[in-house]
1. Among (1) surrounded by 13 or more Cβ atoms within 10 Å (Cβ to Cβ); (2) farther than 25 Å from Val63 by Cα, which single condition is Gln22 missing?
2. Kindly indicate whether any position in the range 102-112 is more than 24 Å from Lys34 (Cβ to Cβ) and acidic (Asp, Glu).
3. Restrict the check to the range 27-42 and report whether at least one residue is crowded, with 18+ Cβ neighbours inside 10 Å and either assigned to a helix (DSSP H, G or I) or in contact with a Cys (Cβ under 6 Å, 6 or more places away or on another chain) (or both).
4. Specify the residue that is modelled with the lowest pLDDT; the eligible residues are those in the range 1-19 that are closer than 17 Å to Val72 by Cα and either open to solvent by less than 30 Å² (accessible area, probe 1.4 Å) or in a loop (DSSP other than H, G, I, E, B) (or both).
5. Determine the pairs where a residue that is modelled with pLDDT of 95 or more, located within the range 92-112, has a partner that is acidic (Asp, Glu) with Cβ atoms under 7 Å apart, the partner being 6 or more residues away or on another chain.
6. For the condition touching a helix residue (DSSP H, G or I) at 6+ places or on another chain (Cβ under 7 Å) and not hydroxyl-bearing (Ser, Thr, Tyr), what is the one hit in Ile187, Ile274, Ile239?
7. Quick check: anything in the range 130-140 of a type outside the set (Val, Ile, Thr) and in contact (Cβ under 8 Å) with a residue 24 or more places away in the chain?
8. Going through the range 188-241 one residue at a time, which ones are charged (D, E, K, R) and surrounded by fewer than 18 Cβ atoms within 10 Å (Cβ to Cβ)?
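The values are calculated or read from the model by the stated rules, or taken from the named source; none is laboratory data. All values derive from a computational prediction rather than experimental measurement. So basically every Cβ, Gly included, is an ideal-geometry build from the backbone, and we count neighbours across all protein chains shown. Just the protein is used for accessible areas: all its heavy atoms, side chains included, with ligands, DNA and RNA removed. Shrake-Rupley method; radii C 1.70, N 1.55, O 1.52, S 1.80 Å.
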Amino acid sequence: MKKAYFADKEWLSEEQWAIVEQEFALSGIELVGKEWKTEEEIIREGKDAHAILVIALPITRRVMDELTDLQVIVRCGIGLDCVDLPAATEKEIIVSNVPDYCVEEVSNHALALLLNFNRQIKGFAKRAKQGGYGPGNEIVIERLEGKNLGILGYGRIGRSLARKASALGLNIAVYDPFVQSIPEKNIQLHTSLPGFLSMCDYVSIHTPLTSDTFHLFSYKEFAQMKSSSVLINVSRGAIVDKAALYDALTTGKIAGAGLDVCEGEPVDRDEPLIHLENVIYTPHVAMFSREALETMYRQVSTQAIQGLNGQWPNNVVNQALKGKWPEKEK
């Protein structure tokens, strides 16, 4: 019997784990939930793994070297920064993800952070708690319509945000080296990151974390932004250099930051960055809705089962393996 391990089951609620169990129930594949924390635990306890489903635990080359029966890795989410994709491809291990389960949720969250800054919700809420009434004289609000929103990374989520923000009257600029043209005439595609940053009132990050995007935003990039601009990050924390962001926010290089992710997660409760008045921080929940997570856990289970049954799974990332994968009749 083939065996599938869920590597970091502690992230799942009882309801979510029940969904995974239900999907595997009639598959003929043994499902085991684990709460592994280290490479050593995976290697020691998962020697007989044919598939691994994983949320955040790094699945490294060393793990793949030791788990010689491993055929499929399914990442529970969009990003692949916890999986050594080149090593998996070299070893002909299929890696798949769920790229579309939370498009609406994440784009809504980015827009919510933007609107919170534009309408100064945090500042006015504090004023109200202190007994203030009306706008007072300390907080200034500018009309949102006509402001420039820069979207860095024009995949599914970036496109969803562009559609929603356009309806609010924002001008949309895009920077994405992998996009050659954009059919929508109201969206301006930039080929220069400094030029893109210098004209944006809001910059929203929607690019994956890779070796090329690690610390893509650092001291130089913040110096290129408007002092009145706001950075929004609902992608991966390490795309933004945390020290450089703290410097930019405390020296007036930018006006604010709306963060759902932060370098070094989970963030310590005493982390100075998240306590700044010009920061709104939420704890990596942009993807969250009950429906989105149910969709994700059903899809990751389906893909693991497909792979172990000899079928080509949905959403395979290392497509170069397709010609080497046996397609079997059901």
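1. Checking Gln22 against (1) surrounded by 13 or more Cβ atoms within 10 Å (Cβ to Cβ); (2) farther than 25 Å from Val63 by Cα, the one that fails is (1).
2. yes
3. yes
4. The selected residue is Met1.
5. From residues that are modelled with pLDDT of 95 or more, the pairs are His109/Asp260.
6. Ile187
7. Looking for residues that are of a type outside the set (Val, Ile, Thr) and in contact (Cβ under 8 Å) with a residue 24 or more places away in the chain, one finds none in the range 130-140, hence no.
8. Of everything in the range 188-241, those that are charged (D, E, K, R) and surrounded by fewer than 18 Cβ atoms within 10 Å (Cβ to Cβ) turn out to be Asp212, Lys220, Lys226.
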